[in-house]
1. Considering only segment 281-318, how many residues are closer than 28 Å to PRO45 by Cβ, of a type in the set (D, E, K, R) and either at pLDDT 85 or above or surrounded by fewer than 19 Cβ atoms within 10 Å (Cβ to Cβ) (or both)?
2. Check VAL363, VAL342, VAL404 and return the single one that is more than 16 Å from the chain's Cα centre (by Cα), surrounded by fewer than 23 Cβ atoms within 10 Å (Cβ to Cβ) and closer than 14 Å to LEU260 by Cβ.
3. State all residues of segment 75-99 that are within 19 Å of the chain's Cα centre (by Cα), under 27 Å from ALA385 (Cα atoms) and at pLDDT 85 or above; if no residue qualifies, say none.
4. Of the residues ARG356, ARG307, ARG368, only one is basic (Lys, Arg), over 28 Å from VAL135 (Cβ atoms), out of contact with any Lys or Arg (no Cβ under 7 Å at 6 or more places or on another chain) and part of a helix (DSSP H, G or I); which?
5. Select from segment 24-68 the residues that are free of Cβ contacts under 8 Å to residues at least 60 places away in the same chain and among the hydrophobic types (A, V, I, L, M, F, W, C) and write down the one among them that is surrounded by the most Cβ atoms within 10 Å (Cβ to Cβ).
6. Picking from SER255, SER315, SER283, which residue would you name as being in a helix (DSSP H, G or I) and within 24 Å of VAL175 (Cα to Cα)?
7. Pull up segment 327-379, narrow it to residues that are aromatic (Phe, Trp, Tyr) and more than 20 Å from ALA405 (Cα to Cα), then point me to the one that is modelled with the lowest pLDDT.
8. Give segment 1-32 a look and list any residue that's at pLDDT below 75 and of a type in the set (A, V, I, L, M, F, W, C), or say none.
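The values are calculated or read from the model by the stated rules, or taken from the named source; none is laboratory data. Nothing here was measured: the structure is a model prediction, and the numbers come from that model. Here the Cβ positions follow ideal geometry from the backbone for every residue, glycine too, while neighbour counts run over all protein chains shown.
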Amino acid sequence: MGERRKALQRLLARAAGVEPDEAGRVLAAFLMFFLVLGSYFAVRPVRETVGTVLGRNRTAGLFVWTWALSIAIVPAYGWLVARLRRSTFLPWIYGTVALSLGAAGLAFSADERNLLAGQVFYVWISVLNLFVVSVFWSFLLDVFDGMQTRRLFGFVAAGGTAGALAGPTLTSLVVPFVHNSGVLFIGAGGFVLAMLLQRHLLRAWRPGGASGAVNPSSGAPAERIIGGSPFAGFGLVLRSPFLLGVAAFVALAASVTTFLYFEQLRIVEATFSSVTRRTQVFSMLDAVVQALAILTQLFLTGRLAARLGLVALLSIVPAAMVLGLLALAASGTFAVLAVVFVLRRAGEYALVRVGREMLFSRVGEETRYKAKNVIDVPVYRGADALTAQLKNGLENAGMSIGAVAVLGSGVAGLWALCGWWLGRSADRGQGRT
């Protein structure tokens, strides 16, 4: 057993520069993220199928409800952060997600085309997918310090990508047999396992545990109560030019993503008539995205961060989207959409998201747990809602889909410039809050 452990440590050291005392935490974080994203991406094709059943106009309207719920969930989470130990509330977040997926599975088992259940599920899962990932990275930013994040976050993110590859692959294989309700039950089970693993990692994070991240004078981070106002995150963002820049970056990213999302719904709906076939197509697209992302994370992300800094991680994908959206404007075919969609999402997971989380390695606890969630959830979903309504309004007013795509390429250009500024500021040691 000792030789196997040493061999594993040598492999981790070569792959991601993992030190021997970091190996346990890194592997636990890798597996936990595998379960979180694997469970979400197993159920994500069900959400997309629900979107095609509801129709584009009704789905666009749900983006406003999603934004409203995302605003409401932040002070509720802020209340938990201010009053409870992280060792108490963090695992139960994933437990609550598991219960909600199980309830949705029961509803869809009775009628998979139930419009009310579909709308509630669509809004709820659209908020949770951002929230659970944001909470995961807030937790990891406590477990690892700023220098460790540049070495290790790419590898940890690969765990999530591996899960995001396994999830839709599993869905594509089993959905003809268990249907959409069965897929939701599988996702619920995955979040239960993630909750149990997080409790294990929290125990290692206490004094005498494996993390080594504890300040003896202040006690274990997992047992400290952060305190403050449930609404403090909003004020922290508004008072910091750097956090406002991060918020602008996230809003622009969401705008490009939402445009591509609705194009995906439109073209898939026109191309595939079967509900089950649509779910399989969405699953296969997800699988390709995750395969490309994990290769990038394992072999490129860390090297780019070390050699070129956060500027590269935050600006390469937005710049590529300028060209991709222009190509989509010229063609409008499923093949071109699939290429642009895959490149954007793979780049988001492998480069942009990792770089974005590194931006928060230099901030305080309250910013990580409160302001970060303001940016990750209501800011992102607010841009979602605005873009959905704007795109729908422009098309209903007579603007061609190609012209809207050209407009989207201009938004991608602003996204690239914002990423360059944030990366440059972080690489120069600015951005502390």
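1. 0
2. From the options VAL363, VAL342, VAL404, the qualifying one is VAL404.
3. Once the filter is applied, which keeps residues that are within 19 Å of the chain's Cα centre (by Cα), under 27 Å from ALA385 (Cα atoms) and at pLDDT 85 or above, segment 75-99 yields ILE93, TYR94, THR96, VAL97, ALA98.
4. When all the criteria are applied, what remains is ARG307.
5. It comes out as TRP65.
6. From the options SER255, SER315, SER283, the qualifying one is SER283.
7. Among them, the one singled out is TYR369.
8. Scanning segment 1-32 gives MET1, ALA7, LEU8, LEU11, LEU12, ALA13, ALA15, ALA16, VAL18, ALA23.
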